[in-house]
Every structure is written in structure tokens, then in C-alpha cells.
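Have a look at the structure below, then the notes.
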Amino acid sequence: MSDTLSSLIEARFGERVEVPGALERDPELTGLAAHRSHRSFTSEPVPPAVLRALLAAAFSAPAKSDLQQSCVVHVSDRSDQERIAALIPSMPWIAGAPVLLVFCGDNRRIRRICELRGTPFANDHFDSFFNAAVDTGLVMAGFIRAAQAAGLGCCPLSVVRNHAAEVSRMLGLPDYVFPVAGMVAGYPAKERRITPRLPLDAFVHDNCYDDSGFERWIASYDARRHVMLPLNPDRQRDPARFGRAEFYGWSEDKARQVAVSERGDFGEFVRSKRFRLD
Ligand SMILES: Cc1cc2nc3c(=O)[nH]c(=O)nc-3n(C[C@H](O)[C@H](O)[C@H](O)COP(=O)(O)O)c2cc1C
């Protein structure tokens, strides 16, 4: 990777950031800044030892109170992978990915530890679910980064939660264990372009939350992103409902996306795993 950190930041956020010279080619930082999701892979298998090492690196992530509330199911059986992929026909590449993982929040272990030690588990409320979900997100971020450092590409799959009960049954997930996201991984079949992000000011606030630049951020981002990654004008979401937009940018696409309810039953699924969400 020959890109410098400042060139990657400029590609991502559309602005120059003063990067100290010593950091310009730091492999960890340039690796993070060069992130791309990958959905197509060569047929080269990922050696089990590589996968094990990447998972060990990923599970080295920090964990809330050192409670260690995450786990992963490696779907190594090809027919199970195909059965999960069949639930998601809009993403046919899942079936052929060399690796399919499902990262889960795991609040079961600490409850069993309480049983083992004869103490009550006095945190039967939303925060227990939330902590396990956050821990798992950190593990996933570490896995993505580790995989990229090893020359692999990945794509998380929140879409497995569209079929949470079914996936949970297939993977034998017990009470207090829930899928956060799937993850495909393998050696990338092609280069992917950087996906630009909103201006850095939309994410980074100084002392106090401030979105007074909101309309400016969205307009400039829509325009910049349209130049870098234009959306196919023939694939506007639901023109019968929303009309045909003359300029179809990111914000129009995302607004139309979330105008359709998705996974409204996920809370019910999580409750079925016996979490109390209040
Ligand atoms: C938690 C999470 C879930 C995601 N779920 C999906 C998914 O189900 N299908 C998919 O194609 N991409 C999924 N993605 C990938 C995003 O679409 C991708 O990160 C985003 O478009 C930005 O592109 P980039 O990762 O290349 O920067 C997911 C990403 C995250 C962080």
C-alpha cells in the first residue's frame, strides 16, 4: 500500500488534514484509512491457521469490564453456508465466500459464571444487551482490520439479522446469545474504491455537539460522492412511491432506504433470547 495517510484521508473525507510526517506511512494507520468492504473473492481458500490467528487478534479487542461478552460461529460447513445464503437472495456472493462467520453478543457466559459462583446476576436490563453488542462490534472491527492487514477482504452482514430466529436456530445459539452480524472474508477478487464519508466535522465535535453545518455537509457530500461513486440513475429506490429524482445522490438514496421498515421484529427476537430491554 503506497498511499499516504493524508491522501487516503483526502479521498475519504474530501479535505486535507495535516498529518505529521512520521505517521504518513504508518502501516496501521494507512491500513485503517484505506478500509474497503469486499464482496467478491478469489477461489483461494483461507488457511485455517490464518483464520485462527485473525480471530485471536480480533478477540484481543477491549471488552467492557473485562466481561468478554462476544463470540463467533465459523460456518465451516458448506451446506450450512449455502442455507444461510439462501435466506438472503439479494446477496448471492455470500454463498461463494471462502469464509462465513457470524459474530454474536454473548451475555450467557457471565450469567453462567454467576451460577457457578453462586451469586445473583443483578443486571437483567438493557445495558447487558447493549454491552455485549458493543463488545462484539469492537471485535468485528478488529477482525476486519486484521484480515485486511493479512491481505484478505471482508464484508460485515447485518442482513443475517433479517432472519435472526432462523440463523439462530441453524447455529444453535442459546438464550442470551444473539447474532450482531455475519462476516464474509477471503482474498479479494478485485480492487475496490474507497467509499467517501461525510465531512469529518459531521463526526467530530469540539466540546459540544454541533450540527449547524448539517445542510452544507449533506449537499457537499452528495456532490462529491456523486463524482466519485455515482449511483445508477436507473436504480432509484421505489420511484412509484418517491418519484424519479433528477439528482439521485447518497442522501436521497439513504432517506428512501430507511423509509422502508426493516427488522422491526429484531427486538422481539432479542426478547425471545430472554433479554430484558428496559
Ligand atoms: C454492522 C455492519 C453491517 C453491514 N451489513 C452489510 C450487509 O448486510 N450487506 C452488505 O452488502 N454490506 C454490509 N455492510 C457494509 C457496508 O455497506 C459498508 O461498510 C458501507 O457501504 C461503506 O463501505 P466501505 O466499508 O467499503 O467503506 C455492513 C457494515 C457494517 C459496519
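Taken over the stretch 258-267, residues that are part of a helix (DSSP H, G or I) and out of contact with any helix residue (DSSP H, G or I) (no Cβ under 9 Å at 6 or more places or on another chain) amount to 1. Of the residues that make up the stretch 120-129, is at least one touching a Pro at 6+ places or on another chain (Cβ under 8 Å) and either surrounded by 15 or more Cβ atoms within 10 Å (Cβ to Cβ) or closer than 23 Å to E268 by Cα (or both)? Checked against the condition, which is being touching a Pro at 6+ places or on another chain (Cβ under 8 Å) and either surrounded by 15 or more Cβ atoms within 10 Å (Cβ to Cβ) or closer than 23 Å to E268 by Cα (or both), the stretch 120-129 yields no hits at all. I110 meets each of the listed conditions (1) within 10 Å of the ligand (Cβ to nearest atom); (2) closer than 23 Å to A58 by Cβ; (3) assigned to a helix (DSSP H, G or I) apart from (1). Considering the conditions (1) within 16 Å of the ligand (Cβ to nearest atom); (2) closer than 19 Å to D77 by Cα, S168 is excluded by exactly one of them, (1). Assessment of the stretch 82-94 against the conditions (among the polar types (S, T, N, Q) and surrounded by 11 or more Cβ atoms within 10 Å (Cβ to Cβ)) yields no matching residue. The helices (runs of 4 or more DSSP H) located wholly in the stretch 1-99 that include 1 or more residues which are away from the ligand (no atom under 16 Å from the Cβ) and in the same structural domain as D175 (by TED's automatic domain parsing) occupy 48-58, 78-86. Note on the stretch 65-111: residues that are of a type in the set (K, R) and touching a Phe, Trp or Tyr at 6+ places or on another chain (Cβ under 9 Å) total 3. Looking only at residues of the stretch 175-184 that are more than 13 Å from the ligand (Cβ to nearest atom) and not acidic (D, E), we find that the one that is farthest from A146 (Cα to Cα) is Y176.
Just one of the numbered conditions (1) more than 12 Å from the ligand (Cβ to nearest atom); (2) closer than 16 Å to L32 by Cα is not true of I144: (1).
Would you call G105 assigned to a helix (DSSP H, G or I), touching a helix residue (DSSP H, G or I) at 6+ places or on another chain (Cβ under 6 Å), in contact (Cβ under 8 Å) with a residue 24 or more places away in the chain and not polar (S, T, N, Q)? Taking the combined requirement at face value, the residue does not satisfy it. For the stretch 108-144, filtered to residues that are in contact with a helix residue (DSSP H, G or I) (Cβ under 7 Å, 6 or more places away or on another chain) and free of Cβ contacts under 8 Å to residues at least 60 places away in the same chain, the residue that is farthest from L277 (Cα to Cα) is P120.
The values are calculated or read from the model by the stated rules, or taken from the named source; none is laboratory data. Bear in mind the structure is a predicted one, so any value in this text is a computation, not a measurement. Cβ coordinates were reconstructed from backbone atoms using ideal geometry, including for glycine residues, and neighbour counts include every protein chain displayed.
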